Amino acid sequence: MKNVEALLSEKILVLDGAMGTMLQAYNFNEEDFRGTQFKDHHIPLVGNNDLLSITQPDAIYEVHAKYLEAGADIIETNTFSGTTIAMADYALEDHVTQLNVASAQIARKAADDYTAKDPSKPRFVAGSIGPTNKTASMSPDVNDPGYRAITFDELKVAYKQQATGLIEGGVDMLLVETVFDTLNAKAALFAIDELKEELNTDIPVMVSGTITDASGRTLSGQTVEAFLVSIAHIDLLSVGFNCALGADQLKPYVQRLGQQAQCYVSAHPNAGLPNAFGEYDQTPQQMCDLIESYMIDGLVNIIGGCCGSTPAHIQLLAQAATTHTPRKILQDV
């Protein structure tokens, strides 16, 4: 079976869509989130979607299966908030390793099941590593600009624990995603580098930042080019952007990224911008038409969906991807 690097040189690979959007349809209540293991937990757990990998594993498998059925080549683990830092909100820091291993194992089984159905289309698992709910570059207190709620070393320790669990659970690659503060991402990348050396593994690493508004900058103030330079010392499988913007707003930034990046380029935008109720109205066809322009212009190697996207969105993207050639990385041009 070809590995992901080999396939990326041949075709555009398709990433899955939103996990949270799909889980909303289940209408899980507090009891569902708790399951049996956490039935006596002392604070509410409803809304902790990552925990569902432990308490509702069948639902997580089902979501993965729907995206694989739609044609996704790569599925992301249900671990966007799977660090001790983010899980502190639910007093679940002691369960982070269990959560990451379980999430990776569910995604691994789903990917392997679909690869077995059609060995000519191998499926891969990306371990999702989110940004945490703290930022290393900026103060959360406007009255104390020098204050930091988290340190680089604290982030590194948390990210290393998460990455260890994901690798133990069987992921094919690690995806440091939705990067709004590049210093946080650098802590994650430093942790992964340490871990690769300790485990003697060369697991591929993807990085995906987020442009927060029309300024074209990350939340911590970096331009596209500055973001890329900040992480260029790492040997990356891919770099890209996701979340915050819809495909039409995101395209110029992906284009700028591709003009400089010496690795593969990814994009998984939202299904448009949220309406007044926080819902995403962009239809699968509307989203596909916008993203297909990325492919026509040769901007991407990996394409997928973020907030608001569903298997219906991914199905059209997967169909479109088969008719276009992938972006050539710069050293091959």
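Exactly one residue out of Asp89, Asp40 is surrounded by fewer than 21 Cβ atoms within 10 Å (Cβ to Cβ) and free of Cβ contacts under 8 Å to residues at least 40 places away in the same chain: that is Asp40. Taking Glu10, is it under 20 Å from Asn78 (Cα atoms), surrounded by fewer than 17 Cβ atoms within 10 Å (Cβ to Cβ) and out of contact with any Gly (no Cβ under 8 Å at 6 or more places or on another chain)? No: the conditions fail for Glu10. One residue alone among Ala126, Ala116 is within 30 Å of Ala321 (Cα to Cα), assigned to a helix (DSSP H, G or I) and of a type outside the set (Asp, Glu), and that residue is Ala116. Looking across the stretch 1-42 at every residue that is among the polar types (S, T, N, Q) and part of a helix (DSSP H, G or I), the one that is farthest from Val239 (Cα to Cα) is identified as Gln24. For beta carbons closer than 9 Å, sequence separation of 6+ or different chains, a first residue in the stretch 161-181 that is buried (at least 21 other Cβ atoms within 10 Å of the Cβ) and a second that is among the acidic types (Asp, Glu), the qualifying pairs are Leu175/Glu76; Glu177/Glu76. Under the condition of being among the β-branched types (Val, Ile, Thr) and farther than 26 Å from Ala271 by Cβ, which residue from the stretch 221-244 is surrounded by the most Cβ atoms within 10 Å (Cβ to Cβ)? By that ranking, first place goes to Ile231. Just a yes or no: is a residue in the stretch 316-330 surrounded by 14 or more Cβ atoms within 10 Å (Cβ to Cβ), closer than 18 Å to Glu5 by Cα and of a type in the set (Lys, Arg)? Yes, the stretch 316-330 contains at least one residue that is surrounded by 14 or more Cβ atoms within 10 Å (Cβ to Cβ), closer than 18 Å to Glu5 by Cα and of a type in the set (Lys, Arg).
Within the stretch 296-315, the set of residues being in contact (Cβ under 8 Å) with a residue 60 or more places away in the chain and surrounded by fewer than 20 Cβ atoms within 10 Å (Cβ to Cβ) comprises Ala312 only. Looking only at residues in the stretch 57-74 that are in contact (Cβ under 8 Å) with a residue 60 or more places away in the chain and not small (Gly, Ala, Ser), the one that is nearest to Gly17 (Cα to Cα) is Tyr67.
Of all residues assigned to the stretch 209-220, none qualifies as being crowded, with 23+ Cβ neighbours inside 10 Å, in contact (Cβ under 8 Å) with a residue 40 or more places away in the chain, in a strand (DSSP E or B) and in contact with a Gly (Cβ under 8 Å, 6 or more places away or on another chain). Taking the stretch 96-131 as the range and being of a type in the set (Asp, Glu) and free of Cβ contacts under 8 Å to residues at least 24 places away in the same chain as the test, the residues that pass are Asp112, Asp118. Restricting the stretch 107-131 to residues that are more than 23 Å from Gln222 (Cα to Cα) and within 15 Å of the chain's Cα centre (by Cα), the residue that is surrounded by the fewest Cβ atoms within 10 Å (Cβ to Cβ) is Phe124. Screening the stretch 43-76 for residues that are in a strand (DSSP E or B) and among the β-branched types (Val, Ile, Thr) and picking the one that is surrounded by the most Cβ atoms within 10 Å (Cβ to Cβ) gives Ile75.
The residue of the stretch 273-295 that is surrounded by the fewest Cβ atoms within 10 Å (Cβ to Cβ), among those that are of a type in the set (D, E, K, R) and not in a loop (DSSP other than H, G, I, E, B), is Asp289. Can you say whether Ser266 is touching a Ser or Thr at 6+ places or on another chain (Cβ under 7 Å) and closer than 27 Å to Phe227 by Cα, as far as the supplied structure shows? For Ser266, the condition - touching a Ser or Thr at 6+ places or on another chain (Cβ under 7 Å) and closer than 27 Å to Phe227 by Cα - is met.
Against the criterion of being surrounded by 24 or more Cβ atoms within 10 Å (Cβ to Cβ), touching a Leu at 6+ places or on another chain (Cβ under 8 Å), part of a helix (DSSP H, G or I) and of a type in the set (Gly, Ala, Ser), Ala104 qualifies.
Mind checking which residues of the stretch 132-155 are surrounded by fewer than 19 Cβ atoms within 10 Å (Cβ to Cβ) and either touching a residue at least 40 places away in the same chain (Cβ under 8 Å) or in a helix (DSSP H, G or I) (or both)? Asn133, Ser137, Met138, Phe152, Asp153, Glu154, listed by residue number.
Since every read-out is calculated from the coordinates, none of them should be taken as a lab result. This is a predicted model, so every value here is computed, not measured. Every residue, glycine as well, gets a Cβ built from its backbone with ideal geometry; the counts of neighbours run over all protein chains shown.
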